[in-house]
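Read the figures in this text as sums done on the coordinates, not as results from a lab. Just so it is clear, the model here is predicted, and its values are computed rather than measured. Here Cβ is always computed from backbone atoms with ideal geometry, including for glycine, and neighbour counts include all displayed protein chains.
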Amino acid sequence: MTDLDNDAHDARDENDDLDGHTIDELSDYLDRGRTPLDPSIEGSPGCRIALSSLERLRQISKSLVEVDAAAEAPRNDDWLGGILESIGREARAGRDIPLLPPSPRATLSVTEGAVRGLIRAAGDRSGGLIIGRCRLDGDVTAPGTPITVSIDASVFWGERIVETVDRAREAIYSALLKHTELTIASIDITVHDVYFAQVSDQEPDDAGDGSASNEGGAL
């Protein structure tokens, strides 16, 4: 199955992979403090991956909202909508990625959605940026096939883009090395936007005002 075929499969099976729930429903569920407990959400791997991503995004974006309010400058929310769309798409199961079984009679695998959730978590927690879209390019179902991780990201104002991207790449590679058996050829991170994370009078050294691409080779 090609990446295009897989994307089409994901689009058709969105509700199946999230057990019939949408990102809007999961967001409302978080607003209620996950009460009353919904077994259909808590029992869904895809929903739990999406919930974790939503919770991290809320923590990160809280400071952005506070800065916008202090500056009295309304923010275009298209960027947030794009991230939410990516979270919903990537939380879906996707392809099965094989793992080396402990016994010849056993078959183990991890879903592509779980791996994308792992990548998003590692990138977000590395600090200084927000992960947008994440793709696994290559045949993840064939062990040993070189895989390229392609990521779109936004950085916070004042962060050194190259250092921030390198830190995220290292965190993502470490997570993939620990939790998967994928052969990672490169982790390519493209920065599209810069957002305020805190009020500062100091000009950043290399934030720039356009897109920046920092593509890593094999790690």
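Observations, loosely collected:
- For segment 21-41 versus segment 131-174, the gap between their alpha-carbon centres in whole angstrom: 29 Å
- Label-point separation, residue 42 to residue 139 (7 Å along Cα→Cβ), nm: 4.2 nm
- Between the amide H of residue 108 and those of 99, distances stay under 5 Å, these residues lying 5 or more places away or on another chain, with hydrogens modeled in the peptide plane.
- Where a label projected 7 Å from the Cα of residue 52 along Cα→Cβ would reach, residues of segment 80-97 with amide N under 15 Å: 87-88, 90-93
- When peptides 18-29, 119-130, 40-51 are ranked by their average number of other Cβ atoms within 10 Å per residue, the highest-first order is 119-130, 40-51, 18-29.
- Each of 116, 58 was scored by other Cβ atoms within 10 Å of its Cβ. Arranged with the fewest first, they read 58, 116.
- Under 14 Å from the residue 100 label point (7 Å along Cα→beta-carbon), backbone N, segment 165-197: 177-183
- Stretchable slack from residue 150 to residue 163, in nm (0.36 nm times residue separation minus alpha-carbon distance): 2.9 nm
- Sorted fewest first by neighbouring Cβ atoms within 10 angstrom, 105, 169, 95 come out as 105, 95, 169.
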